[in-house]
Every structure is written in structure tokens, then in C-alpha cells.
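Each reported figure results from applying straightforward, stated rules to the coordinates on display, with no laboratory input. Note that this is a predicted model, so its numbers are computed, not measured. Reconstructed Cβ throughout: ideal geometry from the backbone, glycine too, with neighbour counts over all protein chains shown.
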């Protein structure tokens with residue numbers, strides 16, 4: 001078995017059906033891949049749909065009675081996998097016919113992580129909650145005459161998934177995150193090795209990696225339960241342990257829009273978890289990606305900043321400065337998320353820093369050592385924390 005497609009889900013039966021249908025129309029031999037669906041305790045009769053679905057490929061599924069998070073669901077699927085390559089494809093995705101072929105073609109070399117385009121979107125079903133949050137279904141130029149405002153009413157028909165015409169109705173997600181990803185692609189598409197934060201590209205609605213590598217680095221961290229960072233976390237460990245990342249803009253997959261249950265508190269909780277987990281100067285890049293938006297650090301200079309940090313890590317002379325930078329980042333995180341920093345180590349640490357001396361050192365660092373981006377970032381961080 002060459003590939004195992006990993007699909008975790010929770011209450012997304014109608015979107016999963018379109019996903020599985022799209023995988024029924026792949027242009028490769030159906031003997032070379034399997035699909036593994038793990039249901040995280042859905043109550044929408046997903047299991048009955050799976051039992052009736054007529055797949056051309058080997059379809060495995062498992063139900064977990066209590067939802068223990070998407071990381072746990074993916075890990076359960078990985079344990080069931082027989083394929084050498086794991087292709088991560090969330091339940092609400094639709095795969096073009098060359099999806100599996102293109103992922104496998106990029107794995108001709110070993111120890112490669114393949115990341116495809118993750119920002120394609122499509123509206124396939126009517127959801128009252130989605131309309132209430134601002135989606136204007138009346139503006140869709142592909143509404144059929146028999147369209148009804150009934151929850152989960154199919155706007156894109158089954159035949160469109162089969163013949164691939166649904167792609168004509170897809171669009172790019174308009175978000176800051178998408179703009180960041182497109183910027184990375186524009187700047188580094190010809191030489192991704194120059195981008196030292198490649199793990200940011202590992203988004204599990206369209207990515208693939210050798211099963212052995214995932215097992216080697218410990219699979220997904222099941223302590224990450226709510227929304228966000230479980231894919232980044234695995235990407236970090238793959239990147240830091242030597243995997244080569246490939247960004248293939250020809251590998252498409254389309255996300256079906258649906259009501260979201262994302263909670264802001266989960267993002268904050270998981271951000272803090274990741275920042276505590278990787279609280280080490282050798283993982284400052286991780287803390288930066290998580291928290292730079294809450295600082296005065298220039299986001300467009302993030303790659304150059306991390307290159308400066310990587311150079312500094314090579315010399316023990318710079319480690320005290322890196323430790324100060326890390327601690328200030330963590331203090332800024334606690335300020336931003338309104339964690340209690342008073343009467344604890346962080347507050348005492350911040351008050352014991354000789355800020356004037358530190359500022360002078362930054363000018364020396366920039367003028368004598370040419371470490372420009374780190375110096376500027378430290379000065380911005382000092383301003384954030386102390387003002």
C-alpha cells in the first residue's frame with residue numbers, strides 16, 4: 001500500500017460524503033491507496049453513511065464514542081494505516097482527480113514533507129448559521145432553480161463532484177493568514193530552503209509525509225484538544241528533525257465552507273501551551289510565529305530575524321541575549337492574554353533587566369556584528385514589554 005488518506009471528522013456527514021466521492025474519482029489505481037475515517041463521536045448518523053458508501057478504494061473507519069480532539073482522532077487513524085505515505089485530508093475537503101497522484105509523485109525522495117494549496121474554498125451546502133454570520137447565498141451564480149433554504153440543502157450537486165465542475169465555483173479564502181501563505185510562496189517558490197520557517201506550511205487539510213517519520217517524531221500531540229496548532233506542532237518536530245519541506249502549488253484541495261465552532265479561548269489556550277512546550281532558545285522561531293502579531297516586530301522580516309537567531313545560536317557568546325529575548329517574548333504573551341505575571345518569576349525577571357544597557361548592546365550588535373533584524377526586534381520587544 002503506497003498511501004493512507006487520514007480523515008478525522010465530527011458531525012460533517014454531508015461534507016464527508018462529497019470528500020469520499022471525490023476520492024472515488026482519482027486518476028490513479030485504487031489499489032495503491034486506502035482511506036481511513038475516524039469519527040470523533042458524531043451524532044449525525046455518519047456511521048450509517050459510511051457503511052452504505054460504495055468506495056472504489058479500501059475504506060476503513062472507526063468510531064470513538066467520546067470526542068477527545070482532532071489530534072487523538074488522527075493518531076487513531078495513523079495506527080490503522082498501512083500506507084508508506086500518510087496524506088492528511090480533513091473531512092470537509094474535496095480532492096481533484098490528480099490529488100493522490102501528485103502527492104505521491106513528490107515523494108520520490110525520502111524524508112520529504114509535501115504541502116499543497118490550503119486556501120481554496122467552496123460553498124456546497126446551505127447552512128442557516130452560515131447565512132446568519134454573513135454568507136449571502138443569493139449572490140451565488142450557481143444556485144439551482146429548486147434551491148431551498150433547508151439546513152444542509154446541497155447547492156453543489158453530486159454530479160459536479162464526479163465530473164470536477166465544482167472547481168469552477170471555488171474561490172480563494174480572503175484572510176491575513178492566506179495573504180501570508182501567498183507571500184511566502186511568491187518570495188520562496190524557487191528555493192524553499194531559504195525559508196527557515198517551512199513548518200508553517202504544514203496544514204493538515206492538504207499535506208503528506210512518510211508514516212515512519214510521523215511515528216519517529218511521536219505523532220500528533222493529544223494535549224492539544226481545541227482549535228489550532230496541532231498541525232503546526234507536528235510540522236515543527238518534522239522540520240527540526242531534518243525533514244525537507246516541499247510546497248507544491250499544483251496540489252489543490254477545496255474546503256467546503258460550514259458553520260464553525262472555533263472558540264477564541266481555545267486559540268489562547270493552545271498558543272500558551274505551544275509557547276510553554278517550546279520554551280527554549282532553540283525554538284524561539286516557534287514562539288515568534290505564535291506571538292509576533294502581538295508585538296512591534298515587523299512580520300515581513302520574520303524569516304530574516306530567524307536567520308539572525310540561527311547564526312547567534314552557533315556561538316555560546318550570544319546565548320544570554322537569546323535567553324533575554326525569549327523571556328521578554330513570554331512576558332509579552334502573558335501580557336497579551338492577560339495572564340497573571342505579577343508576583344512571579346516573569347515579573348521579577350523583567351524588573352531585573354538593565355534596559356539601558358540592553359539597548360546599548362543592541363546598537364553594538366547591529367553596528368559591529370551586522371545582526372540587524374534581531375537587534376531591531378529586541379528594541380521593539382523592549383518597548384512592548386516596558387511601555
The alpha-carbon center of segment 141-180 and that of segment 14-32 are separated, in whole Å, by 18 Å
Rounded to 10°, Cα long-axis angle of helix 176-188 versus longest principal axis of the chain:
80 degrees
At a 10 angstrom cut-off on C-beta neighbours, averaged per residue, how do the peptides 50-56, 309-315 rank from highest to lowest?
309-315, 50-56
Percent antiparallel among DSSP beta bridges confined to the chain, rounded to 5, stands at 35 percent
Please pull out the direction-averaged projected area of the chain, using the convex hull of its alpha-carbon atoms, in nm² to one decimal place.
20.9 nm²
Could you line up 80, 378 from fewest to most neighbouring Cβ atoms inside 10 Å?
80, 378
Tell me the angle of helix 13-23 to the major Cα principal axis of the chain, expressed in degrees between 0 and 90 and rounded to the nearest ten.
80 degrees
Per residue of the chain, what 222 nm ellipticity follows from adding -39500 (n - 2.57) for every DSSP H run with n ≥ 4, rounded to the nearest 500?
-13000 deg cm²/dmol
How far is the Cα center of segment 73-140 from the Cα center of segment 235-261, in Å?
9 Å
Can you tell me the Rg and the Dmax, both Å, for the Cα atoms in segment 278-386?
13.1, 38
If each residue's Cβ is checked for other Cβ atoms within 10 Å, how do 118, 91, 165, 272 rank with the fewest at the top?
165, 272, 118, 91
Order of 308, 39, 146 - criterion: other Cβ atoms within 10 Å of each residue's Cβ, fewest first
146, 308, 39
Modelled label-to-label distance, residue 260 and residue 66, 7 Å Cα→beta-carbon offset: nm?
2.8 nm
Here FRET efficiency (C-beta to C-beta, residue 168 to residue 282, R₀ 56 Å, nearest 0.05) is 0.75
